[in-house]
Structure formats: C-alpha cells, structure tokens
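Below you'll find the structure, written out as structure tokens, and then a few comments.
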C-alpha cells in the first residue's frame with residue numbers, strides 16, 4: 001500500500017526572515033541523505049512538486065525538504081501593490097513589495113530552520129531563478145544548483161519577456177474562476193492543461209484528482225503573483241555563479257522558451273544542459289528518472305571534486 005500524504009511528509013514548520021514566515025516540511029523517506037531543498041514556482045504552493053519525484057530524489061540519496069515562497073501557500077502574504085497582473089508587474093516602475101535578494105534570503109532562512117549549513121538546490125520555474133540568486137548571494141550555502149524551466153535569474157522587467165510565450169501568458173490572464181474550493185480545483189486543472197506538453201495526451205482525471213488533493217488558490221491569485229514577479233535583482237550576473245550547475249528544460253515548454261535554457265547554460269561556467277523530450281512546463285512522470293539521475297550525477301561529481 002502506498003503511503004498517504006501525512007505519512008510521506010513531516011508536519012509543517014515555519015522559518016522566519018524578518019516579518020515573513022515561510023512554511024516548509026520534509027520528506028520522511030531518505031532523512032539521512034544529502035540535504036536538498038526544492039524551490040517552487042510562481043504563485044503555487046509546495047504541494048505542486050509531485051510526491052513521486054520527491055521520493056525518487058530520496059531513493060537517489062537525498063534528504064528532501066520543500067517550502068512555500070512568500071506570497072504563496074501557507075507562507076506570509078504581503079499587502080497588495082498597484083500591479084494587478086504579472087504582466088503589469090513586469091512593466092511597472094513603482095517600488096516592489098520586496099526585492100529578489102529578500103526572496104533568496106528566504107531560502108537560506110529555511111535551511112537555517114532545518115539545521116542545514118548547505119544544501120543542493122532544485123528550483124522550478126520562478127523557483128529556478130530564485131535558486132540561481134541564492135547561488136549568487138550565498139554560494140557557501142549551495143552544494144549544487146539545478147534550475148528547471150527558468151529564465152536567467154539576473155533578468156527583470158521587459159528583458160524577461162524575450163523568453164516568455166506571450167500567447168500562453170495571455171491565456172493565464174484570461175483565467176477567471178471564483179475564489180472557492182471548486183474554483184481552485186478548476187484553476188488547478190486549467191493550469192495543468194496549459195503547462196502540459198502538447199505531445200502527450202492530457203490526463204484530465206489525474207489532473208482533477210491532484211487538484212482536489214491540493215486546491216491551491218494561489219494559481220488564481222494574480223495580485224500575489226504580481227508581487228513575486230516584480231521582485232527585482234540587484235546583484236551580480238549569472239556568469240558569477242560558481243557552484244556546479246544543471247540547467248533543465250522541457251522541449252515542449254509552452255510558457256518559457258527553450259532558448260532560455262540555452263542562454264542560461266551558456267552563461268554559467270561549466271553548466272550542464274538537460275533537455276527533456278515530450279515535457280512541458282511541468283514535472284511529468286517520464287521525466288523523473290532522467291532528471292533525478294542527472295541531479296545525482298551532479299552531486300556525486302561535486303563531492304568527488
């Protein structure tokens with residue numbers, strides 16, 4: 001019998017970064033492995049990272065923890081700013097609610113609460129950009145960096161849009177669901193469909209079951225997403241990353257263009273590039289084995305050096 005959610009994950013705990021509280025938990029399996037922190041994407045909570053992927057990481061020898069970014073999930077939500085959509089946030093000139101440096105420090109606060117002097121970082125989508133910034137700002141806390149489906153973390157504003165498929169972004173902007181449990185489920189299914197590879201049959205029943213288990217209202221909270229995406233980076237360029245790096249991207253990503261991965265991998269010295277066939281802006285089951293193997297190899301090579 002497969003373990004239940006409550007058997008897989010520790011009770012939620014909170015880390016503090018100033019006034020911000022960050023919800024996190026740990027996978028029970030693999031607790032004595034190498035520390036690995038998962039950084040989630042725009043608007044979504046930590047439950048969007050598939051349990052099967054996390055368990056595969058544990059089987060590879062990692063102790064896995066994950067957290068909700070500020071303005072997501074059970075972590076602190078900040079007051080509204082003038083920007084109402086992620087696109088308007090990219091174009092806005094006003095002062096953001098917080099900086100990208102603050103968000104990078106959130107990850108370190110979670111590591112401190114876990115008692116981890118350092119960890120492997122795996123960031124997905126916006127989380128990939130955050131993980132890059134942690135490696136730039138706190139290199140001594142990062143063993144290896146894996147950036148999945150992300151743009152270069154030193155970009156901001158209009159420069160980000162060169163790597164974004166505006167048609168998909170427009171579809172997100174048109175999502176209009178009620179702020180209810182049923183609305184969150186409908187939004188979860190719609191987002192899963194938008195982000196999936198067009199070259200695999202979309203399993204709506206599985207997507208609906210996942211959304212029922214995790215009725216995350218953050219996928220429809222464009223005000224919170226706007227605050228996340230407006231956080232500007234003031235630090236060094238990604239060329240300054242010194243940690244062993246793996247750049248990963250789905251070949252069919254309908255949101256972030258694959259050339260973002262090529263650009264990032266070419267700019268970080270020694271970075272490895274892994275392109276996942278028949279994969280969109282997602283972590284589908286067929287992608288777990290090659291991705292987990294590549295992360296394990298990166299960690300082993302870093303330890304050997």
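The values are calculated or read from the model by the stated rules, or taken from the named source; none is laboratory data. Please read all numbers here as calculations on a predicted model, not as lab measurements. Note that each Cβ is placed from the backbone with ideal geometry, even for glycine, and that neighbours are counted across all protein chains shown.
Looking at the structure I just gave you, is residue 263 at pLDDT below 95 and either assigned to a loop (DSSP other than H, G, I, E, B) or over 17 Å from the mean Cα position of the chain (by Cα) (or both)? Taking the combined requirement at face value, the residue does not satisfy it. Here's a check for you: in the range 87-119, which residue that is assigned to a helix (DSSP H, G or I) and at pLDDT below 95 is farthest from residue 218 (Cα to Cα)? The extreme case among them is 91. Among helices (runs of 4 or more DSSP H) entirely within the range 120-205, having at least 2 residues that are buried (at least 18 other Cβ atoms within 10 Å of the Cβ) singles out 126-137, 181-195. If the condition is being buried (at least 24 other Cβ atoms within 10 Å of the Cβ) and not in a loop (DSSP other than H, G, I, E, B), then the range 55-80 contributes 57, 62, 64, 65, 66, 67.
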